[in-house]
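Only one structure is covered here, and it is reproduced in the block below.
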Amino acid sequence: MPSFQTMEFVDAADRVETELELVQAFECLLKRLGISQYFLGEVSGVLPDEVLRHGNWNEEWVARYIERDYHYADAVVAKAKSTPNAFDWEAVREEGLLRGKAKTVMDEAGEFGIRSGYTVPVFQANGYLAVASFEVDNDIPADRMRAALQLATVYFHARLLAFRDVSLPCDAQLTPRQRECLHWVGAGKTDWEIGEILKISEATVHTHVEKAKRHYKVPSRIQAFVEALRHHELRL
Amino acid sequence: MLRVVTRQNASLYEDKLEQMFRLRHRVLVDIAGWEEIRQPDGREIDQFDNDLTTYFLVLDDKEDVVGSLRMQPSLAPTLTSEVFPSICDIEGVPRSDRLYDCSRVIAAPEVSQKEGQPSWVTSELHSGMFEFGLALGLEGLTCVLEVKWLHYMKRWNWDVRPLGLPDSVSEGGSVAACIHTTAPMLEMLRETRGLTSPVISPGDLGLIKANHELMHATRLTKLAA
């Protein structure tokens, strides 16, 4: 019955108020699905280290994996980059992706008891890619397992990022109007002038600019303009 | 600018609807590669384009259609109920006069921005969805979408609940979900997308309500029984 258990987790994920409660609910689901070991991590290198690493893989294995930059060689990561769908590690073996260093990584994982399981390419957008892997030993049909893990991981990942206050490169930074207003701020225009150009009121322009200042946590409008340039939200 | 089209005013929008069917074909078949719905005449139309359908059309400065979606009352046959019932495996396909099914949400590639960052066209459609739901006192909108959209919606803090497990066969995985259209959600959407006012005009809102009442007072009540 993976669907009901997964839905119970989805509902819990929306309700929980701390990361600890989220993790407990997630691990409770995994236990019911016959999963003891899992790991969620970002593999694209766009976030600072440690920001999004979570799971209970053997610590020694995680440390080795990170220290030796195994994600470059890991066939599971390579496959996750090429598909949005969850997959069975068996597929990686069958597709003949386990050659050279990729085989070393998989063999060494096996030494830590990580032999068969599934990987969910959690989320991929604008260079960001997170991957969740699950060591599985049960007889739930593979397609049901893949579907359950794919869905549960959406909610787990989203809430984990929220609790850790992580922003992603794909998050909208400024609204289109804020961007337009800052563009004219950069051209030295006053709120009144910008209002005339964009055919909106001076007060509305003021609000847009103030929000952009708050967004970048800077005291002046020109600094907001500079921050927008620095974050590639505007071009000169 | 967002325009609402129902069967009551469809005759005024014939050329715009025509543009919409072609845009749908371009976006869904030519770009997204849904070969199974390819049409020889380049117009993407199916059985859920009927006289119960409400369309949202987003027009650009030249009054060309650059985005659209369609809504179907959930008491009638919908894309979710007829084509994707297998992925509503929790409590079946929900049907009530307080739910609509939303499908074919598209924006012209020319206006699309970075992946996961909604363009102004998508933002108008999204705001329209919430305004529509609130105007009719709906519980929410059901829809079938790729799993990655669920990620984006959670990123935007939407109140969205899956109706079942995704199918793990199709590319990207299709999942059925219900988006709850509440006032705080609309407020948050406006705040984050920089929308200062409703995108649906008072006149179009009146049309939506009248059409909803008419549909539910007649055929749909019979369908439900």
*Counting pairs of alpha carbon atoms under 8 Å apart in space and at least six apart in sequence, what relative contact order in percent does chain A give?*
20
*Based on DSSP H runs of at least 4 residues, each adding -39500 (n - 2.57), what is the mean residue ellipticity at 222 nm of the protein assembly as shown after dividing by all its residues, to the nearest 500 deg cm²/dmol?*
-13500 deg cm²/dmol
_Other protein chain Cβ atoms within 10 Å, averaged over every residue that makes up B:83-89_ = 1
_Neighbour count of at most 14 Cβ within 10 Å plus DSSP loop: longest GluC sites (Glu not before Pro)-free window in chain A_ = A:96-236
*For chain A, report the convex hull volume of the alpha-carbon atoms normalised per residue, in Å³, without decimals.*
162
_Once exposed loop GluC sites (Glu not before Pro) are cut out (DSSP; at most 15 other Cβ, 10 Å), longest piece of chain B_ = B:1-62
*Could you work out, residue by residue across A:18-26, how many beta carbons of other chains sit within 10 Å of that residue's beta carbon, and then give the average as an integer?*
0
*asked:* To the nearest 20 Debye, how big is the dipole of region A:68-201 about its Cα centre, given +1 on the beta carbon of each Lys and Arg and -1 on that of each Asp and Glu?
replied: 280
*Note down the net charge around A:L33, summing +1 for each Lys or Arg and -1 for each Asp or Glu among other residues with Cβ under 15 Å from its Cβ.*
-3
*May I ask which residue of B:M129, B:H180, B:Y152 lies farthest towards the positive end of the charge dipole of region B:99-193, with charges of +1 (Lys, Arg) and -1 (Asp, Glu) on Cβ and the Cα centre as origin?*
B:Y152
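Among B:M20, A:M7, B:M153, rank each residue by its count of other Cβ atoms within 10 Å, from fewest to most, as a rough exposure measure.
Result, fewest neighbours first: B:M153, A:M7, B:M20.
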*Using only atoms on other chains, find how many Cβ atoms lie within 10 Å of each Cβ of peptide A:147-159 and report the average.*
5
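Can you give the FRET efficiency for A:I66 and B:H180, using 1/(1 + (r/R0)^6), R0 = 45 Å, r = Cβ-Cβ distance, to the nearest 0.05? Don't skip to the end; give the middle numbers.
Details: r = 40 Å, r/R0 = 0.88.
For R0 = 45 Å, the calculated efficiency reads 0.70.
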*Go ahead and run the numbers for FRET between A:R214 and B:R98, Cβ-Cβ distance against an R0 of 25 Å, rounding to 0.05.*
0.10
*For region B:47-154, just say rounded, prolate or oblate: build the C-alpha gyration tensor, square-root its eigenvalues into a ≥ b ≥ c, call rounded for a/c under 1.5, and beyond that prolate if a/b exceeds b/c, oblate if not.*
prolate
_Amide proton proximity set for A:V122, modelled H, under 5 Å, gap of 5+_ = A:A130, A:V131, A:A132
*Quick one: dipole size for chain B, taken about the Cα centre, charges +1 on Lys/Arg Cβ and -1 on Asp/Glu Cβ, in debye to the nearest 20.*
380
*Express the relative contact order of region B:1-102 as a whole percentage, based on alpha carbon pairs under 8 Å and six or more residues apart in sequence.*
27
_For region A:34-43, Karplus couplings with θ = phi - 60° (6.51, -1.76, 1.60), whole Hz, Gly/Pro x_ = x, 10, 9, 10, 8, 8, 10, x, 8, 10
*asked:* Please compute the modelled spin-label separation between A:V226 and A:F163, points set 7 Å along Cα→Cβ, answer in nm with one decimal.
replied: 3.8
*In whole percent, what relative contact order does region A:65-153 give with Cα contacts below 8 Å and a gap of six or more residues?*
30
*Work out from phi, with θ = phi - 60° and the Karplus expression 6.51 cos²θ - 1.76 cosθ + 1.60, the ³J(HN,Hα) of each residue of region A:89-101, listed in order in whole Hz, and give x for Gly and Pro.*
4, 4, 4, 5, 5, 5, 7, x, 7, 8, 10, x, 5
_Sites B:R38 and A:A78, calculated FRET efficiency, Cβ-Cβ separation with R0 35 Å, nearest 0.05_ = 0.60
*Can you put A:I200, B:I37, A:I35, B:I87 in order, fewest other beta carbons within 10 Å first?*
B:I37, A:I200, A:I35, B:I87
*Work out how far the C-alpha atoms of the protein assembly as shown reach from end to end along every principal axis, then list the three figures in whole Å, largest first.*
69, 63, 45
*Towards the positive end of the charge dipole of the protein assembly as shown, with charges on Cβ (+1 Lys, Arg; -1 Asp, Glu), say which of A:P121, A:H71, A:Y216 has the farthest Cα.*
A:Y216
_Peptides ranked, highest mean first, by Cβ atoms within 10 Å: ranges B:6-12, B:96-102_ = B:96-102, B:6-12
_Taking the beta-carbon count within 10 Å as an exposure proxy, list B:S68, B:S197, B:S174 from fewest neighbours to most._
B:S197, B:S174, B:S68
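Since every read-out is calculated from the coordinates, none of them should be taken as a lab result. Computed from a predicted model, the values in this text were never measured in an experiment. Cβ atoms come from the backbone with ideal geometry, glycine included; neighbour counts cover every protein chain shown.
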